[in-house]
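Written out below as structure tokens is the structure these notes cover.
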Amino acid sequence: MHSHRLNNWRLTIALLSLILLVVLLLSVSIGPAKIEVQTIFRIILSRLPLVPVSQGQGAPVSAEVIILLLRLPRAIQAALIGASLAVSGVVIQSLFKNPMADPYVVGISSGAALGASTAILLGLGGLLSLPVLAFTGATAAAFIVYNIAKTETGVVVETLLLSGIAVAYFFSAITSFLLYTAGEALHQIIFWLMGGLWASSWPKIAIITPVFILSFAVLQLFARDLNALLLGEEPAQHLGIDVTVLKKIILVSASLLAGVSVAFAGTIGFVGLIIPHVTRLLVGPDHRVLLPASALIGAIFLLSSDILARTILAPAEIPVGVITAFFGAPFFIYLLRTRRRSL
Amino acid sequence: MKIAAKDLEVCYGEMRILKGISLAPGEASLLGVIGPNGSGKTTLLKTLSNILKPRSGVVYLNGSDIGSFTSREIARNLAVVPQDTGVGFDFTAYEFVLMGRTPHIGRFEKESRADRTIAADAMRLTHTEDLKDRLVTTLSGGERQKVVIAKALAQEPNVLLLDEPTANLDIKNQLEVMALIKNAVLHRGITAVMAIHDINLAARYCDEMMLLHRGEIYALGAPKSVLTAENIMAVFGVESLVMDGLAEGSVYIIPLSTLGEEEQQTG
């Protein structure tokens, strides 16, 4: 079998960026209030620096509020979180040399959920304390699972999946206990656990953006090392890579990305599992193109899922985690069936 | 001396695996390490490649203590063909071989034209050019082993360590893989150390052989001097017939019976 992939990296990335832009625009233009695309353009452009717009024919204030304070931040946050979850999934899969791993399976997300629930319960649900605690929980879970699954010869996949499940259950049990004792905060936690993007806002974007850019940039710098890691830990060492440092970089950035996502959008499953896999089919396993392509496809996927979540039962809204799981779970089963040999 | 070792002692926890190992193979030569299962062959290779640190003794790379090199510096001089060559993700054979250039490419650099030429040369030397666009996951055992060797050669090493490179290969691929290893060793002046189970294959291709017995060197030297019926009996517990002159300059071992069998027969 020869490879059937998109070999022109620049074209692939350009094309995906274009699609993302279109979906972003679509997301901003869909909603209960009908706002024309031209108006949307004018509102967005008027807020960009260096763009001259005639001030006289301004859009209605209500439209401006809807676009600038509701739809646009929501779309941007959806894109950022989709990208974060996808990139987190890519590097977790590379770390474990297994396309079945994702931030969920290895317990990172449940660790983040526990951290975030604790924050809400303690009344620390602030803009900064929430992601910090979520990140702490995510990192703790990742290191616990990794060290349980690690043997002298590397990470055994079965042990990894089982220890991931065990740690996830353990963390979920603590989360449930917190919920049980939560009292008034209960509603807030459950609402948030289900996963949704309704609470998107510019201040949150201001936190997610640097976290994403920093983690992504570091991982992109280590893209070649990540490629070598796919050959196994010892073969990577024989290529001159400090595997111990690389693994820590992977765990910390994956936990940062998943932690900040969980903190601001609750637990949205399956993005970190299916997007890396789909992207790998599309562009191949080389991280230099896999990382940016996954980020873009993850953003497109979560944005599209959010559009569905907002429109299927409009004007009511479904948690976006329901949509991603609806597509993700069957795909996971498909992976199980077709990838059985490599397990 | 590209690679050498002096008085190595290697332990896993409290268990001593290697003791008193010294070696100094010549340039453009192939040293075969033989010995029963558990005699320390793989441990020796892992110590030579700095994956395992010896409790005492020193491994020398280009004359200096290997512990004083960074892992990148080591990788520019020393390549390893490991025993398990499974690759789970779909790289093409060419992409895979090109990864051998990793230690030569800076973090902010791309592969240069020279890197691509070196990778292509390595594939030519191992007769794998035709597999260039095939996915590594779809290659047969023999093809994959040759591509793995091509990747090691793309590192442009002075030292090549191989762990059972012919295990799980059919007889044609065994001969081909050994021939191309020997060819690369001669053409590029590489010092190669190879752990191998097949004594006869080793006898035919190796310039020097080391017989390991419970972590110590039992015999070291030219294949003919190492592969005697007495040595094989002492280390493997196998009675054997040593045929001389079947292939040029080498000996051929025919195992006859194990020590256990004889005891059963006489007792």
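Bear in mind that the values in this text are calculations on the coordinates, not laboratory data. Owing to the predicted nature of the structure, the values given are computational and were not obtained by experimental measurement. Here the Cβ is made from the backbone with ideal geometry for all residues, glycine too, and neighbour counts use every protein chain on show.
I need to check one value: relative contact order of the range B:3-227, counting alpha carbon pairs closer than 8 Å and at least 6 residues apart, in percent.
Values: 434 pairs, mean separation 68.7, N = 225.
Result for the range B:3-227 is 31 percent.
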Exercise: per-residue mean of other protein chain Cβ atoms within 10 Å, B:94-104 | 4
Shape category assigned to the range A:221-288 from the gyration tensor of Cα positions, a/c cut at 1.5 = oblate
Normalise the Cα radius of gyration of the range B:3-227 by 2.2 N^0.38 Å (N = residues in it) and let me know the number.
-> 1.00
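Assuming a viscosity of 0.692 mPa s and a temperature of 37 °C, what translational diffusion coefficient in µm² per second does Stokes-Einstein assign to chain A, Rh being the Kirkwood radius over Cα pairs? Please report the intermediate quantities before stating the final value.
Values: Rh = 20.7 Å.
Translational diffusion coefficient: 158 µm²/s.
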Considering only the protein assembly as shown, percent of DSSP beta bridges that pair antiparallel, nearest 5 | 60 percent
Nitroxide proxy distance, nm - points 7 Å out along Cα→Cβ at B:Ser64 and B:Thr138 | 4.5 nm
According to a simple spin-label model (label point 7 Å from Cα along Cα-to-Cβ), what is the distance in nm between B:His197 and A:Val37?
-> 6.7 nm
Would you mind putting A:269-281, A:10-22 in packing order, based on average other-beta-carbon counts within 10 Å, highest first?
-> A:269-281, A:10-22
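Determine, from the Cβ-Cβ distance of A:Ala217 and A:Ala316 and an R0 of 35 Å, the FRET efficiency 1/(1 + (r/R0)^6), rounded to the nearest 0.05.
The calculated FRET efficiency here is 0.35.
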Between the DSSP loop rule and a limit of at most 16 other Cβ atoms within 10 Å, which trypsin sites (Lys or Arg not before Pro) in the range B:1-58 are left?
-> B:Arg55
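In whole Å and largest first, what semi-axes does the C-alpha gyration tensor of the range A:87-232 yield when each eigenvalue is scaled by 5 and square-rooted?
On the way: eigenvalues 167, 84, 22 Å².
Working through the eigenvalues yields semi-axes of 29, 21, 10 Å.
Across every pair of different alpha-carbon atoms, what Kirkwood hydrodynamic radius in Å does the protein assembly as shown reach?
So the Kirkwood estimate lands at 27.2 Å.
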Two decimals is fine: what's Rg over Rh for the range B:152-241, C-alpha atoms, Kirkwood radius as Rh?
-> 0.99
Just grab the label-to-label distance for A:Leu308 and B:Asp121, each label 7 Å out from Cα along the Cβ direction, in nm (one decimal).
-> 5.3 nm
Ellipticity estimate at 222 nm from DSSP helix runs (n ≥ 4, -39,500 (n - 2.57)) divided over the protein assembly as shown, nearest 500 | -17500 deg cm²/dmol
Cβ neighbours within 10 Å from other chains - mean over A:220-233 = 4
